[in-house]
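K.L.:
Have a look at the structure that comes next, please.
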Amino acid sequence: MSDMTPQEQQLVEWLADMNEDDALALSNKMLLEEGADPLRVLELCRTAMDIVGKRFEEGEYFLPELVLAGEMLDTIGKVAKPLIKSAPGEEVKKLGKVLIGTVHGDLHDIGKNIVTFMLDINGFEVKDIGIDVPVKTFIKEINAYQPDVVGLSGFLTLAFDSMKETINAFEAEGMRDKFKIMIGGGQIDETVRGYTGADAFGVNAVEAVHLCKNWMGVAA
Amino acid sequence: MSTDQTMANGSTMIGPYEQTAAAKAAYDARWERILACVRLEQPQRMPVGFHSFFYPAKHGGITYKELMHDYEKAKKACFDVVMEFEPDGVYPLLMGTGQGLALEKLDFKQLQWPGHGVGDMQPYQYLDREYMSADEYDDFLFDPTGFYIQKYLPRVAGAFEGFDKLPSFPGLHYFRLVNGIRSFALPEVRASFDKIVAAAEEVNTFFGHHTDWVQKINAAGYPLFNGVNAVSPYDFIADYFRGATGMMKDLYRHKDKLKLVLDKAAVFLTKMTITNAKMSGNPIVFIPIHWAPDAFMSPKQFEEFWWPPFRKMLMGLIEADLIPMPMWESDCTKRLEVIKDIPAGKCIYWFERTDMVKAFEVLGDRVALRGNLSPSMLTTGTPADVDAAVKHLVDNVWNKGGNLILDGAFGIPDETPTPNVRAMFDAARKYAGG
């Protein structure tokens, strides 16, 4: 991003260092007292999240940091977004569209929610269609949303068959080649990827971002 | 199980079931194989454990819903599966799946189960929620029992909903005590007691069936692997109180209070586990571990928050002559050096996705090992794949002196084809049968 003022650098640093109290106090001051451009503040948040993502990949950060970062961004977003005076052309162009859901029979959503958040803050438009999603709902949502990537989530071993059934239904509908499919969840590995016919699997949210960026031809 | 009577022909009665001398010898040999592994003395043949949730239903041709609600069908399915595979130790299978009727009477809210939120052929699933808010740490710390009675129990089970009207007990005294009991007469409190008594009666009935099944497999020559389950202090608060994301944020926002709660929980969880294990008569305590995996927190957080209260608990159980069997879910490779810090020959460490060869290298002189055939291989692979995976563990762990108890990564997944289960037991006997 463009050169930062010392104050902006401070905000990025506090966000990236998980210094929640100071970061939120500063962002509130910038937005509510000093009239900072809300789009600029959100851009600073994305810069901080890039650092968080890198620290995650380097093994310095783990799930708690991704979750807390998500919470901080959500809090800042709630203050910043109402202040945005929408103007044509100012909206950030999204890298691609991802539709994500937990396959039928499985009610787990923690991993899916973290993947959704990480894709969102990394520039993807994400539609999360929830848990225990029937095959027909996936097909209906895909037809309406036209995603570039479909993410199937599942924590239980029963999800292996649900994922396979869901992907087979995409084939039967003649839509399989229109998007890439990634799968993820506690028990997912290369064996399950082969079994279900997915294009790839990821073991964490950052891998999901990498997969999507690669598929969209964006440098990861 | 204390009704043993030796009869003239050398057989024994366990409850209503006769245990022949041959079955007794088989029972003793199986149990001794497990205990030898714990002592780090490799037995003649590699023991094989049997742990599962809904596989017995699939194997026995009944629905998951029937396994949870029909005691007779459940006992038969769980008995037949033991007879077919002849494991050295059996998880108390009914304890894992047989409580459907009690859950209904209690109006239990933390689970959805077959016929109650999920389909008849789907396993029960836990609902990750915030059952205690972050600003209630002080209440919990000051008076955990009061917090349970007035706040926690009404949140997690509908039968307890009237308990939020009960008085706060500390402070009741003299005429204040007499006047303080008025709320027991409220209709909603009376209704709660009626529901709880009905649920408790159901749990009693369930326990009778559980005991009956245990006596029957014991008489047939098969020991229970473990008598009771327990939970680590961190997982107890994360799973059942704060919820996954709440707990992760607390590592930053409420770290001091969290540590105090974990210390307190370590004390009462250890006490409770010792009491329950002694009642069960079986020294092995199964402790499924949810929040230790490498990806879930940093090594520093693990050593600061997760491990100290759990180690305290492990040491308390060991000092009470119990054998803790933590089941380290997911991949815990980076934790191995830390969790090694316990006395040798006292625990079974069961690993789910941690590389067993690596675990053996680090922990082989410290603990018995259990596991860990991959769930994806067991459910989607062939008997030949299973055979090869068992051979890999025998070649690289057992034959190198590892005190390994073979099992699936988290027992037998519900969807496993029976030929693959058969292959696991056959391969154990083929490659490490003594």
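The numbers here are math on the coordinates, done by the rules we state, and not lab data. As the structure is a computational prediction, the values presented were derived from the model and not from experiment. Neighbour counts run over all protein chains shown; Cβ positions are idealised from the backbone, glycine included.
K.L.:
In degrees, nearest 10, range 0 to 90: what is the angle between the Cα axis of helix B:244-253 and the longest Cα principal axis of chain B?
P.N.:
Tilt relative to chain B: about 70 degrees.
K.L.:
Hey, another quick one. Would you kindly derive the ³J(HN,Hα) couplings of the stretch A:204-217 from the backbone phi angles with the Karplus curve 6.51 cos²θ - 1.76 cosθ + 1.60 (θ = phi - 60°), listing them in order in whole Hz, with x for Gly and Pro?
P.N.:
Residue by residue, the stretch A:204-217 yields 7, 5, 5, 4, 4, 5, 4, 4, 5, 5, 4, 5, 8, x Hz.
K.L.:
What spacing in nm lies between the two simple spin-label points modelled at residue B:86 and residue B:399, each 7 Å away from Cα in the Cβ direction?
P.N.:
A separation of 2.4 nm, rounded to one decimal place.
K.L.:
Once both axes come from the Cα atoms, what is the angle between helix B:307-319 and the longest principal axis of chain B, in degrees from 0 to 90, rounded to 10?
P.N.:
70 degrees
K.L.:
So who's got an amide H within less than 5 Å of the one on residue B:115, skipping anything under 5 residues away but keeping other chains? H placed 1.01 Å off N, in plane.
P.N.:
Those lying under 5 Å, H to H, from residue B:115 are B:120.
K.L.:
Residue-wise, which Karplus ³J(HN,Hα) couplings in Hz belong to the stretch A:99-111, taking 6.51 cos²θ - 1.76 cosθ + 1.60, θ = phi - 60°, and x for glycine or proline?
P.N.:
Ordered by residue, 3J(HN,Hα) equals 10, 9, x, 8, 5, 5, x, 10, 9, 7, 9, 5, x Hz.
K.L.:
When a/c reaches 1.5 or more, the comparison of a/b and b/c decides; with that in mind, is the stretch B:241-375 rounded, prolate or oblate per its Cα gyration tensor?
P.N.:
Note, shape of the stretch B:241-375 comes out oblate.
K.L.:
Kindly put B:337, A:173 in sequence by how many other C-beta atoms sit within 10 Å of each C-beta, fewest to most.
P.N.:
B:337, A:173
K.L.:
Count the DSSP beta bridges whose two residues both fall in the protein assembly as shown, then state the antiparallel fraction as a percent rounded to the nearest 5.
P.N.:
Percent antiparallel among DSSP bridges in the protein assembly as shown is about 15.
K.L.:
Checking the a/c ratio against 1.5 first, then a/b against b/c, what shape does the Cα gyration tensor give for the stretch A:102-220?
P.N.:
rounded
K.L.:
A follow-up question, please. So which residue, out of A:36, A:80, A:198, gets the largest mean-square fluctuation from a GNM of chain A using Cα contacts under 10 Å as springs?
P.N.:
Comparing A:36, A:80, A:198 in the GNM, the peak value goes to A:36.
K.L.:
Would you mind pulling out the separation of the Cα centroids of the stretch B:401-434 and the stretch B:152-227, in Å?
P.N.:
Cα centres, the stretch B:401-434 to the stretch B:152-227: 39 Å.
K.L.:
Could you list, in their original order, any pairs among B:271/B:300; B:75/B:312; A:94/A:140; A:54/B:358; A:29/A:213; A:213/B:334 whose Cα atoms are separated by more than 32 Å?
P.N.:
Exceeds cut-off: B:75/B:312; A:29/A:213.
K.L.:
For residue B:178 and residue B:110, compute 0.36 nm times the residue count separating them, minus their Cα-Cα distance, and round to one decimal in nm.
P.N.:
Computed gain between residue B:178 and residue B:110 is 20.9 nm.
K.L.:
Amide H of residue B:323 versus every other amide H placed in the peptide plane: which residues, excluding those fewer than 5 positions away on the same chain, fall under 5 Å?
P.N.:
The answer is B:284, B:285.
K.L.:
Express the relative contact order of the stretch B:53-163 as a whole percentage, based on alpha carbon pairs under 8 Å and six or more residues apart in sequence.
P.N.:
23 percent
K.L.:
Can I ask one more? So who's got an amide H within less than 5 Å of the one on residue A:201, skipping anything under 5 residues away but keeping other chains? H placed 1.01 Å off N, in plane.
P.N.:
A:183
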